[in-house]
Amino acid sequence: MKVLEELRYLVLAIQREGNRLLAAELRPLGITPSQAEVLRVLRDHGPLTLNALGGLLVCETGNSPSRLVDRLVAQGLVQRSVDKVDRRYLALSLTAQGRALHRRIVTAENRLHRTIDSLVADRELSETIATLRAVADGFPAGAALARRRDPAQPIRPRETAAQER
């Protein structure tokens, strides 16, 4: 197996197993990993327009932001409100129920992180992270993750409802 092929499959294997473990942690909460990601992004970066939210998501591409948001609105976890600056836009934010669930999501994610931590033990990860960022940054999902890491990085005008407040 070629080195880059192995890298690709290692990343895929880790992603699949991590997603499987996270899904098992989230199942009792009644949400999927993709829905949990939406709640995390809204909690960390909201309120956001749908377009801005989509620009920060890394979850599977088969999950369109609008469908994810529709499900979360139906569950009472996310609310849509008219943007106070520009009424043509809707601002997405967490409801009180969404904020409470967010805390439980963080707990579930922390359990997954402890599992991963036990596997990497005391290894130095900075070089590994730098390598993975170099690869990921060449793709849209990597760019979304970079924007989440560095909120000062521009998204595009009118993407966050909070930017103009």
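The values are calculated or read from the model by the stated rules, or taken from the named source; none is laboratory data. Keep in mind that this is a model prediction, so the values were computed, not measured. No Cβ is skipped: glycine too gets one built from the backbone with ideal geometry, and neighbour counts run over all protein chains shown.
Run SER66 past the list (1) more than 25 Å from ALA143 (Cβ to Cβ); (2) surrounded by fewer than 17 Cβ atoms within 10 Å (Cβ to Cβ); (3) within 18 Å of the chain's Cα centre (by Cα) and report the number of the one that doesn't hold.
Result: SER66 fails condition (1) only.
Would you mind finding the one in LEU21, LEU57, LEU48 that is touching a strand residue (DSSP E or B) at 6+ places or on another chain (Cβ under 6 Å) and not basic (Lys, Arg)?
One residue alone meets the criteria, LEU48.
Name the helices (runs of 4 or more DSSP H) wholly inside segment 54-165 in which the number of residues that are modelled with pLDDT of 90 or more is 2 or more.
Those helices (runs of 4 or more DSSP H) span 65-74, 96-120, 126-136.
Looking only at segment 24-52, count every residue that is assigned to a helix (DSSP H, G or I) and either touching a residue at least 60 places away in the same chain (Cβ under 8 Å) or within 14 Å of the chain's Cα centre (by Cα) (or both) and tell me the total.
19
I'm trying to understand the selection: among the residues of segment 43-56, which are within 26 Å of ARG16 (Cβ to Cβ) and surrounded by fewer than 22 Cβ atoms within 10 Å (Cβ to Cβ)?
Scanning segment 43-56 gives ARG43, ASP44, GLY54, GLY55.
Going by the structure shown, is ALA36 closer than 19 Å to ARG147 by Cβ and in contact with a strand residue (DSSP E or B) (Cβ under 9 Å, 6 or more places away or on another chain)?
no
I'm trying to understand the selection: among the residues of segment 1-23, which are in contact (Cβ under 8 Å) with a residue 40 or more places away in the chain and either of a type in the set (A, V, I, L, M, F, W, C) or surrounded by fewer than 15 Cβ atoms within 10 Å (Cβ to Cβ) (or both)?
LEU7, VAL11, LEU21, LEU22
Can you pull out the residues in segment 1-12 that are in a helix (DSSP H, G or I) and over 25 Å from LEU68 (Cβ atoms)?
Scanning segment 1-12 gives VAL3, LEU4, GLU5, GLU6, LEU7, ARG8, TYR9, LEU10.
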